[in-house]
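Heads up: the structure comes next, in structure tokens.
Read-outs throughout are calculated quantities, based only on the coordinates presented, and are distinct from any laboratory measurement. In this text the structure is predicted, and so the values were computed from the model without any measurement. Positions of Cβ are backbone-derived with ideal geometry, glycine not excepted, and every protein chain shown enters the neighbour counts.
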Amino acid sequence: MRLQAARRVCVLTGAGMSAESGIATFRDALTGLWSRFDPAQLASEQGFRADPRTVWAWYAERRDAMRAAQPNAGHHALADFARRRRGVLTVVTQNVDDLHQRAGNTEAIRLHGDILADRWFDRCARLPACATHEAEPGRPPRCARCGNLVRPGVVWFGEMLPPGGLEAAERAAAASEVMLVVGTSGAVWPAAGLASTARQVGAWVVIVNPHPSEIDAQAHEVVRGTAAIELPCLLSMGADSS
Ligand code: APR
């Protein structure tokens, strides 16, 4: 009953949250034609500068997969909970898809950006700033004036998290009475530290993951199952055991 009584619930989600929507994790997606690429080549500023066309093609394929995917029962269970218990739930995600938002958690905090958003690669050094861009098939759009490139709005290796997101996530974890950690390996920081932040303030920490994670020791309870199966049970009225 803890979840139903809690005045503040924080949920941290990772790639496993979207697995049952058919979205392969970044590493799992490096198969077939992409298996010869190093992740850092496809997800870093240096990699994009060296070969913008290849990196753009990789993200175009990921974007198509994410647009075609649908929120699963786990995303819907979180959105239903938020609708029933207004102001209680904060979703913090490491995922760059928009499945939480499409399910109804429009305020979900995106620690690692948004793959469907475009942004300029370089800060424009000259005035007038980049304003227009042209797309050539298979290439990233380019500013017609200065040649600046468009890149996807995700956080690449070695980059800072989007401003404000981590602070908001830390505030939500520190205010939580229940912290759910769903579908994350717990290997990527600073997101992985949110479970211990919550635990330190006395929150009840529940991990939902079919496999062991690196932060299992932070949990009061580990639910060994998948997001789409376990979240509807945990979050439905009167049916949760945590
Ligand atoms: N339900 C719940 N958890 C699942 C499911 C599922 N259906 N399927 C897999 N998992 C778990 C795995 O057991 C694993 O612990 O999801 C986790 C996925 O781990 P990672 O792929 O390492 O993803 P994540 O922890 O989210 O990685 C964090 O790293 O690659 C970057 O930007 C990427 O934001 C991501 C970050």
Exercise. For the chain, find the longest principal axis of its Cα atoms and tell me its angle to the long axis of helix 52-68, 0 to 90°, nearest 10.
Key: 40
Self-check item: Helical contribution to [θ] at 222 nm, DSSP H n ≥ 4, -39,500 (n - 2.57), averaged over the chain, rounded to 500
Solution: -8500 deg cm²/dmol
Practice problem: Using a Förster distance of 35 angstrom, determine the FRET efficiency expected from the C-beta separation of R139 and I229, and round it to 0.05. | Solution: 0.25
Exercise. With +1 on each Lys and Arg Cβ and -1 on each Asp and Glu Cβ, and nothing else charged, work out how big the dipole of segment 1-140 is about its Cα centre, in Debye to the nearest 20.
Key: 720
Self-check item: Residues whose placed amide H lies under 5 Å from that of N148, excluding near-sequence neighbours
Solution: C143
Practice problem: Quick one: plug the Kirkwood hydrodynamic radius of the chain (C-alpha pairs) into Stokes-Einstein at 20 °C, 1.002 mPa s, and report D in µm²/s. | Solution: 113
Quiz item: Among P162, V178, L231, which residue has its Cα positioned farthest towards the positive end of the charge dipole of the chain, with +1 placed on the Cβ of Lys and Arg, -1 on the Cβ of Asp and Glu, and the dipole taken about the Cα centre?
Solution: P162
Quiz prompt | Space enclosed by the convex hull of the alpha-carbon atoms of segment 101-242, per residue, Å³ | solution = 159
Quiz prompt | 10 °C / 1.306 mPa s Stokes-Einstein diffusion coefficient of segment 95-159, Kirkwood radius on C-alpha pairs, µm²/s | solution = 118
Quiz prompt | Charge dipole magnitude, Cβ of K and R +1, D and E -1 - the chain, Cα centre, debye nearest 20 | solution = 540
Quiz prompt | Zero-based 5 Å bins, Cα pair distances in segment 1-137, whole percents | solution = 2, 8, 16, 18, 16, 13, 11, 8, 5, 2, 1, 0
Practice problem: Over segment 11-87, consider all pairs of different Cα atoms and compute the Kirkwood hydrodynamic radius from their mean reciprocal separation; express it in Å, one decimal. | Solution: 14.4
